């Protein structure tokens, strides 16, 4: 099966639907400065896959906490 590719707006919508509010402009900034999810270029467009978005978002999450005093 071939992966589904999402443009930046679609990728931002996908992450927002997962409960991780994200702007396509933030993804654009990450593409310039680094630190964002992996993407591929097709023509002049950046394309993201759900597995790459999930991996990146999950890596940004902390471990579950019971209290703010647990923050490291």
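Within the range 39-57, can you find the residues that are farther than 14 Å from residue 12 by Cα, surrounded by 10 or more Cβ atoms within 10 Å (Cβ to Cβ) and either at pLDDT below 95 or over 11 Å from the mean Cα position of the chain (by Cα) (or both)? Within the range 39-57, 40, 42, 45 meet the criteria. Of the residues screened, residue 36 is not one that is surrounded by fewer than 10 Cβ atoms within 10 Å (Cβ to Cβ) and at pLDDT 95 or above.
The values are calculated or read from the model by the stated rules, or taken from the named source; none is laboratory data. Computed from a predicted structure; not experimentally measured. All Cβ positions, glycine included, derive from the backbone under ideal geometry; neighbour counts span all protein chains shown.
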